[in-house]
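J.: Can you keep this structure in mind? I'll have questions shortly.
Bear in mind these aren't lab numbers, they're just calculated from the coordinates by the rules spelled out. Just so you know, these numbers come straight off a predicted model, no measurement behind them. In this analysis, Cβ positions are derived from the backbone assuming ideal geometry, glycine residues included, and neighbour counts consider all displayed protein chains.
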Amino acid sequence: MNTFVNFINTNTLYKIHSNPDHKSLRWYLAIKIGVQSTYMYEPILFGPIPSRRLGQSLGVNHIPYKCCSYSCIYCQIGRTAQTQIKRRSFCNAHTLHKKIVDRVQDIHSKGEAIDYITFVPDGEPTLEENLGEMLSMLKEIRIPTAVITNASLMWDAQVRDDLAKADLVSVKVDAIQLETWEKINRPHKDLMLDDILEGIRRFASVYTGTLITETMLVDNINDDKRKLELVAEFLSTISPASATISTPTRPPAENSVKPATQLAITRAHQIFENRGLNVQLTITPEGDSFTIAGELEEEILNITALHPLSKTKMLHILEKHHAAWDIVQKLIEDRKLKEVKFGEEFFYLRFFRKSN
Ligand code: SF4
């Protein structure tokens, strides 16, 4: 890609920027070489989808594909081509607000419930510099807001202020030892683990909303007794409302990643409980109650951009909407969707061009 950028000419750049299929590539170029910074990312809403922790969650995807400060080995949406930590204005707060208001009205008119409006993009949500404004604007809708963050920018006081505007914040704490953190989260080179942990502590000490945590267990990476005792010790200092233990249930970024064993999960549960944490285990897939608010094909792409669907779930969605498998087959043939096997199950993920 670097070579490509070095040789790309103005005419090619114009074509890329004019083509609606090249949204993520436009952002890659904007970040990499500073071109066309006026382009605003078109936010995507999906669901509500059943969330293991948040009930029926209307997902907000306000960050271009894989703009993230981490490249977690278990990431279900693939590797991060280039980690980043500079905050930017990716999408317009007013455009996003209008889109959410319209979507909420539409969903309520169908008698469907929304428990949370959740900022859970296919990247790190706090990279959006207008996140605080977006959350403030949503207060009038009177539906709780949630942000699922990897916490890597919480050393920044402005990020903490922005997050404080959400009703619920979930922070990722997979490891608190440098070597393990680097191995599992593969952070941007300028991130400092101690600063991040201190940022989380500061946030927890003043935050009035619901703070929860998530720890993803990967076999032989972060699931041994000592490592988990240290994580549990840290978590106990921030008193989260709940501490979730997960393990990969969908295809990970790296083929070598294996879910933690039942024994390791049970041990982790015990270690966390011994520290007085309210432990939640989310090691099974969510329910089937996906709400499709728009065109079925478009909604499948929006959901799978972030949330790979198992074949069982896909069939359930198609059945619910009286649609045939042909839709999925066509999306695969058009290279908009890809099929991946993980464990005994087939999953369907949004296909993004390699340049992403
Ligand atoms: S799991 Fe989340 S934090 Fe990790 S690389 Fe994927 S999007 Fe980024």
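J.: If each of residue 177 and residue 296 carries a label point 7 Å out from its Cα toward its Cβ, how far apart are those two points in nm?
T.: 5.0
J.: Here is a follow-up. Please work out the FRET efficiency for the pair residue 161 and residue 266, using the Cβ-Cβ distance as r and a Förster radius of 30 Å; give the result to the nearest 0.05.
T.: Numbers: r = 39 Å, r/R0 = 1.30.
So the FRET efficiency works out to roughly 0.15.
J.: Going highest first, how would you order 64-74, 97-107 by mean Cβ packing within 10 Å? Display every interim value, and only then the final one.
T.: Numbers: 64-74: 24.0, 97-107: 16.1.
By packing density, highest mean first, the sequence is 64-74, 97-107.
J.: Could you order peptides 319-332, 264-277 by the average number of other Cβ atoms within 10 Å of their residues, highest first? Working shown, then result.
T.: Working: 319-332: 13.2, 264-277: 17.6.
Descending mean neighbour count gives 264-277, 319-332.
J.: With a Förster radius of 35 Å, plug the Cβ-Cβ distance of residue 205 and residue 94 into 1/(1 + (r/R0)^6) and report the FRET value to the nearest 0.05. Don't jump to the answer; show the numbers that get you there.
T.: Details: r = 33 Å, r/R0 = 0.94.
The computed FRET efficiency comes out at 0.60.
J.: So how do 333-339, 216-222, 140-146 stack up, highest first, on mean other-Cβ count within 10 Å? Numbers along the way, then the final one.
T.: Working: 333-339: 14.1, 216-222: 21.1, 140-146: 16.6.
Order by mean packing, descending: 216-222, 140-146, 333-339.
J.: In what order do 212, 196 fall by count of nearby beta-carbon atoms within 10 Å, going from fewest to most? It would help to have the intermediate numbers written out before the result.
T.: Numbers: 212 20, 196 25.
Ranking 212, 196 by Cβ neighbours within 10 Å, fewest first, gives 212, 196.
J.: Starting from the Cα-Cα distance between residue 233 and residue 139, subtract it from 0.36 nm times their residue separation and give me the gain in nm to one decimal. Mind dumping the intermediate values first?
T.: Numbers: separation 94, 0.36 × 94 = 33.84 nm, distance 3.43 nm.
Length gained, residue 233 through residue 139: 30.4 nm.
J.: For residue 319 and residue 105, compute 0.36 nm times the residue count separating them, minus their Cα-Cα distance, and round to one decimal in nm. Numbers along the way, then the final one.
T.: Working: separation 214, 0.36 × 214 = 77.04 nm, distance 2.49 nm.
So the extension gain works out to 74.5 nm.
J.: Note the full-extension length gain between residue 192 and residue 258 as 0.36 nm times their separation in residues minus their Cα-Cα distance, in nm to one decimal.
T.: Numbers: separation 66, 0.36 × 66 = 23.76 nm, distance 2.67 nm.
Answer, rounded to one decimal: 21.1 nm.
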